[in-house]
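Let me begin by presenting the structure, written as structure tokens, before commenting on it.
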């Protein structure tokens, strides 16, 4: 499927985009060898590191990176055209504190990421996969939260926002089941969001114009 995002422009990802295909081969018998520390992809790898799952066009990444140049952001996007658009957008703005990975975010975090590297994992307006037979494709699962817990630093956060009532009920049920691993806290908007916004992504602004209500929470690693 083509979304026509480029509008005739050539989208360049070099220096800011990373392809999963270029990572070391995964060997189930030697998982340690497949680990990749994404902090090393940045010019200043010692900075605070945050991950966004499902970056879309990269709006949140761009807004936050400008507001907080002392934080490194990794956006992970499955759809190739959105990945290329976001990486090109970051490149054109010369945002040295942003990288965009093309691939499956949950697999990357589960099999590739070292322990205790991320301060925040952002999951905003994720695909709700509304049909019951597709619920296994939702980002938030019991196993996924275990993986997030491993990758987060002590006190690190999973930040969740959705407009979808059934997905929100799913989040609440999973949050309740992992209460010994995470403390649930109220959501506070990042500094890059406009007044009245939760995050300020393209989807949020579109859904706000449609009058949809939003739901949000923070899960802090115990």
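Some notes on this structure:
- In the set (1) surrounded by fewer than 18 Cβ atoms within 10 Å (Cβ to Cβ); (2) in contact with a helix residue (DSSP H, G or I) (Cβ under 6 Å, 6 or more places away or on another chain); (3) within 21 Å of residue 199 (Cβ to Cβ), the condition left unmet by residue 49 is number (1).
- When the residues of the range 154-173 are filtered to those that are under 13 Å from residue 219 (Cα atoms) and surrounded by 19 or more Cβ atoms within 10 Å (Cβ to Cβ), the one that is farthest from the chain's Cα centre (by Cα) is 171.
- When each of 139, 151, 100 is tested for being over 14 Å from residue 55 (Cβ atoms), within 14 Å of the chain's Cα centre (by Cα) and at pLDDT 95 or above, the lone residue that passes is 151.
- Qualifying residue in the range 165-174 (condition: more than 25 Å from residue 20 (Cβ to Cβ) and either part of a loop (DSSP other than H, G, I, E, B) or modelled with pLDDT under 95 (or both)): no
- Output for the range 153-205, where each listed residue is without any contact (Cβ under 8 Å) to a residue 12 or more places away in the chain and at positive phi: 196
- Here residue 42 clears all of (1) over 24 Å from residue 204 (Cα atoms); (2) touching a helix residue (DSSP H, G or I) at 6+ places or on another chain (Cβ under 8 Å) except the condition numbered (2).
- Per the listing 149, 134, the residue uniquely touching a strand residue (DSSP E or B) at 6+ places or on another chain (Cβ under 9 Å) and either over 21 Å from residue 56 (Cα atoms) or outside any loop (DSSP other than H, G, I, E, B) (or both) is 149.
- Scanning the range 89-100 for residues that are in a loop (DSSP other than H, G, I, E, B) and crowded, with 20+ Cβ neighbours inside 10 Å gives a single hit, 97.
- Total residues in the range 209-219, condition surrounded by fewer than 16 Cβ atoms within 10 Å (Cβ to Cβ) and either within 21 Å of residue 174 (Cα to Cα) or without any contact (Cβ under 8 Å) to a residue 40 or more places away in the chain (or both): 4
- Within this structure, residue 107 passes the test of being under 26 Å from residue 28 (Cα atoms), without any contact (Cβ under 8 Å) to a residue 40 or more places away in the chain, in a helix (DSSP H, G or I) and within 15 Å of the chain's Cα centre (by Cα).
- Condition broken by residue 116, with the remaining ones in (1) in contact with a strand residue (DSSP E or B) (Cβ under 9 Å, 6 or more places away or on another chain); (2) surrounded by 15 or more Cβ atoms within 10 Å (Cβ to Cβ); (3) in a loop (DSSP other than H, G, I, E, B) satisfied: (2)
- Taking (1) within 23 Å of residue 20 (Cα to Cα); (2) free of Cβ contacts under 8 Å to residues at least 60 places away in the same chain; (3) crowded, with 18+ Cβ neighbours inside 10 Å in turn, residue 146 satisfies each apart from (3).
- Only one of the numbered conditions (1) surrounded by 14 or more Cβ atoms within 10 Å (Cβ to Cβ); (2) within 18 Å of residue 203 (Cβ to Cβ); (3) modelled with pLDDT under 95 is not met by residue 86, and that is (3).
- Among residues of the range 188-220, those that are in contact with a strand residue (DSSP E or B) (Cβ under 8 Å, 6 or more places away or on another chain), closer than 17 Å to residue 53 by Cα and not in a strand (DSSP E or B), counted: 5
The values are calculated or read from the model by the stated rules, or taken from the named source; none is laboratory data. Since the model is a prediction, treat every value here as computed from it, not as a measurement. Don't worry about glycine lacking a Cβ; one is built from the backbone with ideal geometry, like all the others, and counts go over all protein chains shown.
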